[in-house]
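Read through the structure below, which is laid out as structure tokens, and then see the notes.
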Amino acid sequence: MINLFTHTFNEAFLDKWQTLIGAAAGPFLAIILSAIGFWFRSKYVAWKERKEAIRQIEVSIARSMNDMYRTQQELIYFVEMVKKLVSTGQRITDDRTYLIDETNFPHLKEVSSDSSLPILKIKSYYIHNKLLVNDMAISATNHMLSGLKGSYSKILDNNKFLIALRQNPQEQRSTYLENLTGFANTVEGDVLSSITNSLKALMETKLYNLKLMKHPIFTVWKYEGKSFKFFKDMDELKKYSGNLEALDALDKLFDKDVKQALNKAEERGRNVYQVPKTSE
């Protein structure tokens, strides 16, 4: 029996089987190694793309915020000048003097925005939605800004028309001052408020993006991920479920940091844009 086993599994037989197994295993291992290499390469490419996307977001948000702060300070200055003009006009009480004074409307630059940002592969529900919000907010702001100068020009033209008609000076002054006051209130109450809200959304995006820049995978897992986490109830789970409630929860979580950053940025904005350029 032993002789039969030895005869059957002699060295030559084993060599043949080793050669056969080696020949079959070679291509198989090559395929496995190729697949592993492809997987690592795809992960590396994805990492590079995400890193570049985060950089693009940082640059674009910085440009948008700079434009917003410049516009904000120029409009604040303009409103102050209009209010001074109204105050001067109100001190005129005779029935012979026309109010012809006016202040120049600032040359407002369109707030820059990169509409391609929302399609970048960030793998962050929070950033994706913030980019969409920012894009809509900037578009709405630019739309409002584009109509402001035309509206103000109509007020000035109407005032000149009333003077040309030789309307009663008191009525002319009253109409002009009423129009100026209404326009200043609109700029202050609607446009500047919209800019303030837009700046807050931009700052929220910027601060979270900075976290992604330092620790992209960990940041998404910490604030948005559900894996390897314990949730005591469904309300706790909803905070990480990629919905509007999750966005609101993160906004509240970052609220203190956002306010502090906005205060510092607004202070810098006031220092940089102390004397805005104005022109017709």
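The one condition from (1) modelled with pLDDT of 90 or more; (2) part of a loop (DSSP other than H, G, I, E, B) that Lys109 does not meet is (1). Restricting the search to the range 54-80, which residues are of a type in the set (A, V, I, L, M, F, W, C) and either touching a residue at least 24 places away in the same chain (Cβ under 8 Å) or part of a loop (DSSP other than H, G, I, E, B) (or both)? Those that are of a type in the set (A, V, I, L, M, F, W, C) and either touching a residue at least 24 places away in the same chain (Cβ under 8 Å) or part of a loop (DSSP other than H, G, I, E, B) (or both): Ile54, Ile57, Ile61, Ala62, Met65, Met68, Leu75, Ile76, Phe78, Val79. Contact annotation: residue pairs with Cβ atoms under 8 Å, 6 or more positions apart or on different chains, pairing a residue in the range 96-122 that is in contact (Cβ under 8 Å) with a residue 60 or more places away in the chain and at negative phi with a partner that is part of a loop (DSSP other than H, G, I, E, B) and among the acidic types (Asp, Glu), are Asn104/Glu280; Phe105/Glu280. So, Leu237, is that one more than 21 Å from Pro118 (Cα to Cα), at pLDDT 95 or above and more than 19 Å from the chain's Cα centre (by Cα) or not? The answer is no for Leu237. Beta carbons closer than 6 Å, at least 6 apart along the sequence or on distinct chains, pair a first residue in the range 151-163 that is under 16 Å from Arg96 (Cα atoms) with a second that is of a type in the set (S, T, N, Q) for Leu162/Gln172.
Tell me, yes or no, whether the range 135-143 has at least one residue that is in contact with a Leu (Cβ under 9 Å, 6 or more places away or on another chain), in contact (Cβ under 8 Å) with a residue 40 or more places away in the chain and within 18 Å of Leu202 (Cα to Cα). Yes: one or more hits. Do we find a residue being more than 19 Å from Gly182 (Cα to Cα) and more than 13 Å from the chain's Cα centre (by Cα) anywhere in the range 145-159? No, that holds for no residue. Filtering the range 164-203 down to residues that are free of Cβ contacts under 8 Å to residues at least 24 places away in the same chain and not in a helix (DSSP H, G or I), which residue is surrounded by the most Cβ atoms within 10 Å (Cβ to Cβ)? Restricting to residues being free of Cβ contacts under 8 Å to residues at least 24 places away in the same chain and not in a helix (DSSP H, G or I), the top hit is Gln167. Selection of the range 112-157 for residues being farther than 27 Å from Gln73 by Cα, out of contact with any His (no Cβ under 7 Å at 6 or more places or on another chain) and in a helix (DSSP H, G or I) yields Ile119, Tyr125, Tyr126, Ile127, His128, Asn129. Of all residues in the range 242-280 being surrounded by fewer than 13 Cβ atoms within 10 Å (Cβ to Cβ) and in a loop (DSSP other than H, G, I, E, B), which is modelled with the highest pLDDT? Applying the filter and picking the extreme gives Gln274. When Thr97 is tested against (1) part of a helix (DSSP H, G or I); (2) hydroxyl-bearing (Ser, Thr, Tyr); (3) more than 24 Å from Asn209 (Cα to Cα), just one condition goes unmet, and that condition is (1).
The values are calculated or read from the model by the stated rules, or taken from the named source; none is laboratory data. What you see is a predicted model, and the numbers here were worked out from it, not measured in a lab. Ideal geometry is used to build each Cβ from the backbone, glycine not excepted, and the neighbour counts take in all protein chains shown.
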